[in-house]
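The values are calculated or read from the model by the stated rules, or taken from the named source; none is laboratory data. The shown structure was predicted, so the numbers you read here are calculated from the model rather than taken from an experiment. Note that we place each Cβ from the backbone using ideal geometry, even for glycine, and neighbour counts take in every protein chain shown. Calculation scope for accessible area: heavy atoms of the full protein, side chains included, ligands and nucleic acids excluded. Shrake-Rupley method; radii C 1.70, N 1.55, O 1.52, S 1.80 Å.
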Amino acid sequence: MTRFRSGSSTRDTHGLYQRAGFTLLDLLVSLAVILILIGIMLPSIQRARETALQVVCSSNVRQQGLGLMMYGQDYRDDLPPTLFAPPTPSGGAFAAVPARADQMVIVRVGNTPGDWDGLGMLFSLDYLDAARVFYCPAHHGDHPVSRYERQWLAPVGEIVSNYQYRGPSQRNAVTAGALVVDALRTKRDFSHQVGANVLRSDYSVIWLPDSDRSLFRALPDHELEDGADQLVAAAWEAIDEEVQAIKK
C-alpha cells in the first residue's frame with residue numbers, strides 16, 4: 001500500500017488520513033512544562049497547608065481557653081495549679097514568669113495515679129475530653145500525639161503536650177500577656193517556626209508572627225541544655241511584651 005506524507009499526517013491509497021503519534025521531543029517538552037508548573041505552585045500549596053495547620057492549632061488553643069474559663073468559674077476564678085510555678089517566699093504570690101517555665105509543657109508527672117498537672121487537669125476533670133486538643137498538628141519535635149495516645153488512657157506515666165502553660169500566675173500578674181502558647185521548650189518544639197498561637201489573659205487567641213525568627217533562635221536547642229529554663233522564661237517575657245503592645 002502506497003502512503004503519501006502530508007504535514008504531520010499520512011494518507012494511504014484509500015484516501016484515509018492517519019495522524020502521526022507524539023515524538024520523544026513532544027513528551028519531554030510536556031514534562032518540562034508540568035515540572036515548571038509544579039515548581040511555581042508548590043510554595044503556594046505549602047503555604048496553604050501551613051495556614052490550615054495554624055488554624056487547627058488555633059482551635060486547640062481556643063478550646064484550652066474555654067476549658068480554663070470553665071475551670072475558673074468552678075474554682076472561684078483560680079486556674080489549674082502546676083508544680084512548675086511554685087509560690088514565692090513573700091506572701092505566696094506566683095512569679096510573673098515561672099522559674100521552671102521550660103517544664104510547663106508537662107501535663108502529667110511521675111508514676112502516681114492522678115498526678116496531673118497544669119493543663120492536664122482540664123482532661124482529668126473532664127473539661128476537655130480529647131487528648132488531641134493538647135497537640136499541634138504541625139509539631140515536628142519529639143512529642144507528637146502518637147507517642148502519648150495510649151498514655152492518656154493509662155493510670156500513670158509522664159505526658160508531654162505541645163503547649164506551654166503559664167499557671168496560676170496569670171491571676172496574680174495583671175500585666176501578664178500570654179496564658180498559653182505553642183511550646184517553647186526547644187527549637188524543635190516550636191511547632192510553626194514562623195510564629196505562635198497565643199491565648200491571652202482575656203481568653204482570646206491571636207497569631208503572633210516571628211517573621212525575623214528571633215524568638216525561634218532564642219529557644220534552647222535541646223531539653224537538657226544548660227540554662228534552658230532561663231531561655232524559655234526570656235522568650236515568654238518577649239511574648240508578653242508583644243501581646244501587651246498588641247493590646248495597646
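Brief remarks follow.
- Residue in region 88-97 that is open to solvent by less than 70 Å² (accessible area, probe 1.4 Å), part of a loop (DSSP other than H, G, I, E, B) and either closer than 15 Å to VAL181 by Cβ or at pLDDT 95 or above (or both) present: yes
- Checking GLU225, GLU242 one by one, the residue that is under 11 Å from ARG185 (Cα atoms) and open to solvent by 30 Å² or more (accessible area, probe 1.4 Å) is GLU225 and no other.
- Matching entry among ASP142, ASP77, ASP182 (being exposed (fewer than 14 other Cβ atoms within 10 Å of the Cβ) and modelled with pLDDT of 90 or more): ASP142
- For first residues located in region 229-248 and free of Cβ contacts under 8 Å to residues at least 40 places away in the same chain, partners that are of a type outside the set (Phe, Trp, Tyr) and part of a helix (DSSP H, G or I) and lie 6+ apart or on another chain with Cβ distances below 7 Å form the pairs ALA234/ALA218; ALA238/LEU215.
- ARG166 being at pLDDT below 90 and either of a type in the set (A, V, I, L, M) or open to solvent by 10 Å² or more (accessible area, probe 1.4 Å) (or both): no
- Residue in region 186-201 that is among the aromatic types (Phe, Trp, Tyr), open to solvent by less than 10 Å² (accessible area, probe 1.4 Å), modelled with pLDDT of 90 or more and farther than 19 Å from THR51 by Cβ present: no
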